[in-house]
Amino acid sequence: MSRFVILISALLLIFSAGCAKKRVYSTPPVKHHKFQKQDSPDTVKPVLKTDPYTVLGQSYVPHLSSKGYKAQGLASWYGDDFHGKSTANGETYNMYAMTAAHRTLPMGSMLEVTDRDSGRKVIVRVNDRGPFADPDLRIIDLSYAAASKLGIINKGLTPVELRAIDDVNVEPVTDTEIVSDTAAPSEETVVSKTVEAAPEVEEIIITEAATAQEHYFIQVGSFTEHDRATAILESLRAQGYNESRMVEVSVNGKKYMRVQAGYFYNIPEAEDAMNSLASEFGEMFIVTQ
């Protein structure tokens, strides 16, 4: 009997020692996965949103392609106030990366940005939406790094030329894109640390009567001279864009006439028309009624 007890005790000790080597988890252990290296322009494949969105009363429709894109306008930049915060495509904004915000180009688009004053050039990747302050003047918000390489940190707004250097094609995504207030460049940080601007749009007057069904328009330009805007509006109607319209807005007390071609029943139809008008106009984007 004593031998039997000794044998049982020995077996229990062996079993206990074996169990002691195995860690017991109150919850299942976390599996370790390999993560991709830090995002770089040629490896980022973000989830792309293509639904129309509205910021400061202005609606925008992201393009489905960056092919052949060229535009001229003013560039601004945003820096440490947004460093570490989320961009419109879900990335973390890094002020030291060569990125930019654009209102309508597909996320991931690669742009060559040329300073029209100095001739300096940089290449940036679009990973955010903006600028939304003074959209009639500004066409791009550069990261601190991109602005620094262009030498425009102390200049505020700078005339630039944009050119797409690749063709980004986007499959439409049904989820509505939301541009958060924290991700959108503010008027104070984009222009300079000392400038405070009034709200972008104070008053909007549409010269044509609105229709009940939602339609799409192409904004071909924004002008301060009423006669010039009227001439372009008449030219668009002569080309068959019979429902083209002029939208008068007041930005910081100054009047602008936004000329918009249309209307169109869907985005692909508007995209086709925008390609046809590309030789006549520079920066264009689709807006909803």
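The numbers here are math on the coordinates, done by the rules we state, and not lab data. Predicted model, so just to flag it, every value in this text is computed and none were measured. Here the Cβ is made from the backbone with ideal geometry for all residues, glycine too, and neighbour counts use every protein chain on show.
Just subtract the alpha-carbon distance of residue 265 and residue 235 from 0.36 nm times their residue separation and send over the number in nm, one decimal.
Details: separation 30, 0.36 × 30 = 10.80 nm, distance 2.10 nm.
Extra length from residue 265 to residue 235 when fully extended: 8.7 nm.
On a 22 Å Cα-Cα criterion, which of the cross-link pairs 121/155; 155/255; 121/255 come out too long?
Long pairs (Cα-Cα over 22 Å): 155/255; 121/255.
If you count, for each residue, the other Cβ atoms within 10 Å and average over each peptide, how do 142-154, 249-261, 95-107 line up from highest to lowest?
Per-residue Cβ counts within 10 Å, averaged per peptide and sorted highest first, yield 95-107, 142-154, 249-261.
List every residue whose amide H lies under 5 Å from the amide H of residue 221, counting only residues 5 or more places away in sequence or on a different chain, with H placed 1.01 Å from N in the peptide plane.
Those lying under 5 Å, H to H, from residue 221 are 259.
Ranked highest first by average number of other Cβ atoms within 10 Å, how do 129-135, 110-116 line up? Show your work: numbers first, answer last.
Working: 129-135: 25.3, 110-116: 19.7.
Descending packing order for the listed peptides: 129-135, 110-116.
If each residue of separation counts as 0.36 nm, what is the full-extension length gain between residue 276 and residue 166 once their alpha-carbon separation is subtracted?
Full extension of this stretch gives 37.6 nm more.
Select from the range 212-285 those GluC sites (Glu not before Pro) which occupy a DSSP coil region and have at most 12 other Cβ atoms within 10 Å, ordered by residue number.
Those satisfying the criteria are 214, 225.
Can you work out D for the range 215-278 in µm² s⁻¹ from Stokes-Einstein, where Rh is the Kirkwood radius over C-alpha pairs, the temperature is 10 °C and the viscosity is 1.306 mPa s? Each step should come with its number before you reach the end.
Numbers: Rh = 12.0 Å.
It diffuses with D of about 133 µm²/s by this estimate.
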